[in-house]
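Colleague: Quick one: structure below, then a few questions.
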Amino acid sequence: MLTSSSSTRVPPSLVPPAVLAARAYVPKIDTFFSSLANVGPEADRRTIVGAMRVFEKWLGHRGKAPEVSWSREEELRAWCTARYAEHVGEAWLAPFEANFAPAPPSLEDQLADLLGNEGKSLEAASGGLTVSEPPPA
């Protein structure tokens, strides 16, 4: 149950529908993931696609109700990411690239790679600021 800052219970009628939906999804996804653990890495394509869709649905719930959490989220993400890596390049994985493909290197890593030692002098010249830091006020 959601509580306010004064620790009083919020009546169910005032709980946002997105929170109710996310809470209802947690036991379902937990049961699913427990079953998935028995499958292991030798999962077939249908099981992998299903797991990735379940995970994406969970991300949708979490996006609408960030106050609701699921303790095994990172485990499922790791399982899906590992299956993605095993089958990378296969057309049936294309819809899942956004969530499971390796992240591209950061802009700072790219600059360091492109500039080599010049990147170090660039950092010194900028007073130690990196690309992601805003300038001091």
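The values are calculated or read from the model by the stated rules, or taken from the named source; none is laboratory data. These numbers were taken from a predicted model, which means no experiment stands behind them. With ideal geometry, Cβ positions are generated from the backbone for all residues, glycine too; neighbour counts draw on all protein chains shown. Accessible surface is based on the protein model in full, side chains and every heavy atom, while ligands, DNA and RNA are left aside. Shrake-Rupley method; radii C 1.70, N 1.55, O 1.52, S 1.80 Å.
Colleague: In this structure, is Val54 assigned to a helix (DSSP H, G or I) and among the β-branched types (Val, Ile, Thr)? Don't jump to the end; show me each part of the working.
Modeller: Details: assigned to a helix (DSSP H, G or I): yes; among the β-branched types (Val, Ile, Thr): yes.
Yes: the conditions hold for Val54.
Colleague: I would also like to ask the following. I'm trying to understand the selection: among the residues of the range 23-48, which are open to solvent by 70 Å² or more (accessible area, probe 1.4 Å) and farther than 19 Å from Arg83 by Cα?
Modeller: Those that are open to solvent by 70 Å² or more (accessible area, probe 1.4 Å) and farther than 19 Å from Arg83 by Cα: Arg23, Pro27, Lys28, Thr31.
Conditions (1) assigned to a helix (DSSP H, G or I); (2) modelled with pLDDT of 90 or more, marked per residue:
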residue	(1), (2)
Lys28	yes, yes
Gly40	yes, no
Ile48	yes, yes
Trp58	yes, yes
Pro66	no, yes
Trp79	yes, yes
Leu93	yes, yes
Leu122	yes, no
Glu133	no, no
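Colleague: Moving on. Restricted to the range 98-109, and to residues that are touching a residue at least 12 places away in the same chain (Cβ under 8 Å) and part of a helix (DSSP H, G or I), which residue is farthest from the chain's Cα centre (by Cα)?
Modeller: Going through the qualifying residues, I end up with Glu108.
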